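The values are calculated or read from the model by the stated rules, or taken from the named source; none is laboratory data. Computed from a predicted model, the values in this text were never measured in an experiment. Here the Cβ positions follow ideal geometry from the backbone for every residue, glycine too, while neighbour counts run over all protein chains shown.
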Amino acid sequence: MNLFRVMEISGSALLAERLRAEIVSANLANSETTRTENGGPYQRMHVVFGARGAQTFAPVGSFRNDTGVIRRPPRRRCASGERGSRDQAAPVKRFEPGHPDADAQGYVAYPAINPAEEMINLMGAARAYEINASAVTSTKNMIQSAIGLLS
């Protein structure tokens, strides 16, 4: 396998894990957000990883409809094939009649976010990022060794 292609793959994985860590951090930061600009509580985001298609077809993040026109899907897609999407879980209702966002019965809708689960996801993203950074370093050392053998 081409060592530079290995660097490309590891770089793509680094970007994917960075996005995963950013989304998990946003979930943790908004775990108590009861009102957004769209109305209602914050909705948990999650990352969906996928394989990137061949570059000879439609660009990543778009697809062709029946008329051959390329258009973007509603979800955000990154170059390495991952995308962020909103979780459709129902909000958690808490009885807080004095809260400004309380409904007529006194319940406030909070995001369905489990901080312990999000911390585990964040640790997983950090560990995967660390492993891919180590793979980049190892590949770089192999390339330097190969250049040393040739010179």
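Scanning the range 94-143 for residues that are assigned to a loop (DSSP other than H, G, I, E, B) and either touching a Cys at 6+ places or on another chain (Cβ under 9 Å) or among the basic types (Lys, Arg) (or both) returns no hits.
Hey, could you check the range 103-121 for residues that are acidic (Asp, Glu) and free of Cβ contacts under 8 Å to residues at least 12 places away in the same chain and say which is nearest to residue 28 (Cα to Cα)? Give the derivation first.
Filtering the range 103-121 down to residues acidic (Asp, Glu) leaves 103, 117-118.
Cutting the leftovers down to free of Cβ contacts under 8 Å to residues at least 12 places away in the same chain gives us 103, 117.
On the way: 103: 24, 117: 10 Å.
My answer is 117.
Filtering the range 5-36 to residues that are farther than 19 Å from residue 89 by Cβ, over 11 Å from the mean Cα position of the chain (by Cα) and either free of Cβ contacts under 8 Å to residues at least 40 places away in the same chain or assigned to a loop (DSSP other than H, G, I, E, B) (or both) leaves 5, 8, 9.
Within the range 37-49, residues that are closer than 21 Å to residue 24 by Cβ sit with their Cβ atoms under 6 Å from residues that are of a type in the set (Phe, Trp, Tyr) and surrounded by 13 or more Cβ atoms within 10 Å (Cβ to Cβ), at 6+ positions apart or across chains, in these pairs: 41/110. Being more than 25 Å from residue 44 (Cβ to Cβ) and either in a loop (DSSP other than H, G, I, E, B) or of a type outside the set (D, E, K, R) (or both) is a description that applies to residue 146.
Of 104, 54, 79, which residue is among the aliphatic types (A, V, I, L, M) and either touching a strand residue (DSSP E or B) at 6+ places or on another chain (Cβ under 7 Å) or at pLDDT 90 or above (or both)?
Details: 54 fails: either touching a strand residue (DSSP E or B) at 6+ places or on another chain (Cβ under 7 Å) or at pLDDT 90 or above (or both); 79 fails: either touching a strand residue (DSSP E or B) at 6+ places or on another chain (Cβ under 7 Å) or at pLDDT 90 or above (or both).
From the options 104, 54, 79, the qualifying one is 104.
Only one of the numbered conditions (1) at pLDDT below 90; (2) under 15 Å from residue 20 (Cα atoms); (3) in a helix (DSSP H, G or I) is not met by residue 84, and that is (3).
In the range 100-151, what count of residues is obtained for those that are closer than 15 Å to residue 33 by Cα, surrounded by 11 or more Cβ atoms within 10 Å (Cβ to Cβ) and not hydrophobic (A, V, I, L, M, F, W, C)?
Taking the range 100-151 as the starting set, the residues that turn out to be closer than 15 Å to residue 33 by Cα are 100-102, 107-115.
Then keep just the ones that are surrounded by 11 or more Cβ atoms within 10 Å (Cβ to Cβ); that gives 101-102, 107-115.
From what's left, not hydrophobic (A, V, I, L, M, F, W, C): 101, 107, 110-111, 114-115.
Qualifying residue count, the range 100-151: 6.
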